[in-house]
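Q: Quick one: the structure is below, questions incoming.
The values are calculated or read from the model by the stated rules, or taken from the named source; none is laboratory data. Note that this is a predicted model, so its numbers are computed, not measured. So basically every Cβ, Gly included, is an ideal-geometry build from the backbone, and we count neighbours across all protein chains shown. When the accessible area is computed, the model is the full protein with side chains, heavy atoms only, and any ligands, DNA or RNA have been set aside. Shrake-Rupley method; radii C 1.70, N 1.55, O 1.52, S 1.80 Å.
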Amino acid sequence: MFVNSIVSLSLFILNLSLGIGADATRGYWNIGDKGFLPMSKGGSCMNTHMKQFCNTLQTNPTTEEIDKAAETISISDLFIDDDNNMYPESVIEDTFHWFGIGLCRIGRNQNPSGDKTNIPIMVPQSFSYKLTFLSHFLQREPTTSYASLVLDNCVYKKIRDDDSDTSTYDDWEIQRTVTIPSEELAHRAEKGFYASHCSVELSFADAIKSLKKMEEILKMDIGGVDHDTKVNELTMNLRGMAYNVRKAIPVLKQMRHYFNSEHFFAHLRPFLKCGNIGENGIVFEGEEHLTANIHLPNNTMREIEFNKVLFGFRGPTGAQTTSLSTIDAGLQIMTSISADKNLEMTMKEFRQYHPMAHYTFNDKLSQMSVRDYILSVSDDTDGVTELTDAYNDAVTAVAEWRYAHVDHVMTYIFKSIPHVPKNAVTGTGNTPISLYLCKSALGTLKSRIRTDGIGSKNLPTVSIPFVCSEECFIGNGCDSCSDYCEDIAKVNK
């Protein structure tokens, strides 16, 4: 909570206005038929007090104009409509995400290419207060996130009459952008970038349904249902899980039909770097000795001390998606992020950018312990071999998706900067792309259940992209690669 007397008073008045508090608004992020996309996506800039602010961001988004527009909005305006009623969660989320877009634009304005170092992004006072208040209310990091750029930014309006499940650029309406229309190539690429990610999220919806069904099966009362029936049901749903995860791979590759890869790297990526806040730090301007404490989903606290350089924030990145972390949790793939200590820490940090409902759902599914159940099933139970094989295939499908992601990054990033060592290239979340993606994919495979020692006749083979194995063959004396290379050699044994 803000400890400065003026801001504390504002929050006290706000809580009185809200009456029963923030929990009454929850439900917008509940998981349904669209996976982690909102079940009912409304309009954008629905807060009647935000019109000037939104217009500024889409027409003349200089840092000065953005802050000037923020000054026209009071703290209570963020949450209370003209009739003194509290806005629904969808509107408050939309308001928060517009401020997230604004923060990214402010960062880009001050560090256009993102290559300046050791120069923190300065965020003007009025803007800082509004953004941190919203973050406090929603319990999320006060920065631009994947939720604001993708999950809560797409309206599906499929315009074709065919029955195809595929979607195109024109099937999605993008509501908020860091770029403005006059920045033509970057603007179109940005909308295509978000639309393609929304297509991937939508394609993961069936995989999330499979997880929810498996959770129900594992909760079946053993005394009230035939044990073999439970095993058979779980086997069938794991097979469905593998199918549904693989179904998302061609959707990921379809991104090439949404925007040109050269437009992404040269024109769009500098905007999505948001001034490189993660590496350079950020200063929320405000009154001296003013502090804001923001409770994050994992029950930790983000302390915002105004006028001080703050580090530890992550840029917006697809690695913040809830879909993959939830699939990992549901299938009990603990080895995907634990493959590297820095990767594990990074992925835990990314979860602080998830909407609270997504964070809670992820934790809930992690308790179903499907892998532990399979290991506990007696060897003489009918169908146990098929159950193990189905689980292993589902895990393999997740690794295949991650390797497809590596190929995707090769197309959109590495080919544009061939002179830079691949392990030196970082993503918008300030992480080494190839290193983390490759280790995560290989780590995923290590969660497969091996019933025949090191090798198993029933384990699916996997094609590993060369970028993930080249360090093991070029003889450069990579001491840190030894364990990793040994694991690669074992994958298809």
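Q: Test N307 against the criterion of being outside any helix (DSSP H, G or I), surrounded by fewer than 21 Cβ atoms within 10 Å (Cβ to Cβ) and in contact (Cβ under 8 Å) with a residue 60 or more places away in the chain, and give yes or no.
A: no
Q: Conditions first: (1) modelled with pLDDT of 90 or more; (2) aliphatic (A, V, I, L, M); (3) closer than 24 Å to W401 by Cα. L343 passes all but one, so which condition is the exception?
A: The number of the failed condition is (1).
Q: Right, here's the next one. On the basis of being at pLDDT 90 or above, within 26 Å of the chain's Cα centre (by Cα) and not acidic (D, E), does R188 make the cut?
A: yes
Q: Given the residues F99, F53, which is the only one that is at pLDDT 95 or above and closer than 29 Å to F204 by Cα?
A: Sole residue among the options that is at pLDDT 95 or above and closer than 29 Å to F204 by Cα: F99.
Q: Does L268 satisfy the criteria of being among the aliphatic types (A, V, I, L, M), under 24 Å from W401 (Cα atoms), open to solvent by less than 40 Å² (accessible area, probe 1.4 Å) and assigned to a helix (DSSP H, G or I)?
A: Spelling it out, it is not the case that L268 is among the aliphatic types (A, V, I, L, M), under 24 Å from W401 (Cα atoms), open to solvent by less than 40 Å² (accessible area, probe 1.4 Å) and assigned to a helix (DSSP H, G or I).
Q: Going by what's in this entry, would F284 be described as surrounded by 23 or more Cβ atoms within 10 Å (Cβ to Cβ) and farther than 22 Å from G192 by Cα?
A: Against the criterion (surrounded by 23 or more Cβ atoms within 10 Å (Cβ to Cβ) and farther than 22 Å from G192 by Cα), F284 qualifies.
Q: What number goes with the only condition from (1) free of Cβ contacts under 8 Å to residues at least 40 places away in the same chain; (2) touching a strand residue (DSSP E or B) at 6+ places or on another chain (Cβ under 9 Å) that I217 does not pass?
A: (2)
Q: Here is a follow-up. Look through G107, G114 and report the one residue that is on the phi > 0 side of the Ramachandran plot and buried (at least 19 other Cβ atoms within 10 Å of the Cβ).
A: G114
Q: Also, I was wondering about something else. Write out, first by first residue and then by second, each pair whose Cβ atoms fall under 9 Å of each other, whose residues are 6+ apart or on separate chains, and whose first residue, in region 27-50, is under 18 Å from K157 (Cβ atoms) and among the β-branched types (V, I, T) while the second is modelled with pLDDT of 90 or more and open to solvent by less than 60 Å² (accessible area, probe 1.4 Å).
A: Between residues of region 27-50 that are under 18 Å from K157 (Cβ atoms) and among the β-branched types (V, I, T) and residues that are modelled with pLDDT of 90 or more and open to solvent by less than 60 Å² (accessible area, probe 1.4 Å), there is no close pair.
Q: Let me ask something else about it. G330 passes all but one of (1) out of contact with any Lys or Arg (no Cβ under 7 Å at 6 or more places or on another chain); (2) outside any helix (DSSP H, G or I); which number fails?
A: (2)
Q: OK, next. Name the residue, out of F313, F350, F361, that is open to solvent by less than 30 Å² (accessible area, probe 1.4 Å) and assigned to a loop (DSSP other than H, G, I, E, B).
A: Sole residue among the options that is open to solvent by less than 30 Å² (accessible area, probe 1.4 Å) and assigned to a loop (DSSP other than H, G, I, E, B): F313.
Q: A follow-up question, please. (1) of a type outside the set (F, W, Y); (2) in contact with a His (Cβ under 8 Å, 6 or more places away or on another chain); (3) at pLDDT below 60: which one isn't true of T428, the others all being true?
A: Only one criterion is unmet by T428, namely (2).
Q: Also, I was wondering about something else. Among the residues of region 77-94, which ones are touching a residue at least 12 places away in the same chain (Cβ under 8 Å) and surrounded by fewer than 17 Cβ atoms within 10 Å (Cβ to Cβ)?
A: Hits for region 77-94 are D81, D82, N84, P88.
Q: Another question, if that's okay. Exactly one condition in (1) crowded, with 22+ Cβ neighbours inside 10 Å; (2) farther than 18 Å from P460 by Cβ; (3) not polar (S, T, N, Q) is false for A399; which is it?
A: The single condition A399 does not satisfy is (2).
Q: Out of T291, T321, T335, T346, which single residue is closer than 20 Å to W29 by Cβ and hydroxyl-bearing (S, T, Y)?
A: After ruling out the rest, the residue left standing is T321.
Q: Give the residues of region 215-265 that are assigned to a helix (DSSP H, G or I), more than 20 Å from T444 (Cα to Cα), of a type in the set (D, E, K, R) and open to solvent by 70 Å² or more (accessible area, probe 1.4 Å), sorted by residue number.
A: Across region 215-265, the qualifying residues are E216, K253, R256, E262.
Q: Against the definition (at pLDDT 95 or above and in contact with a Ser or Thr (Cβ under 8 Å, 6 or more places away or on another chain)), how does I106 come out, yes or no?
A: For I106, the condition - at pLDDT 95 or above and in contact with a Ser or Thr (Cβ under 8 Å, 6 or more places away or on another chain) - is met.
Q: Does S17 meet the test of being open to solvent by 10 Å² or more (accessible area, probe 1.4 Å), modelled with pLDDT under 90 and more than 27 Å from the chain's Cα centre (by Cα)?
A: So S17 passes the test.
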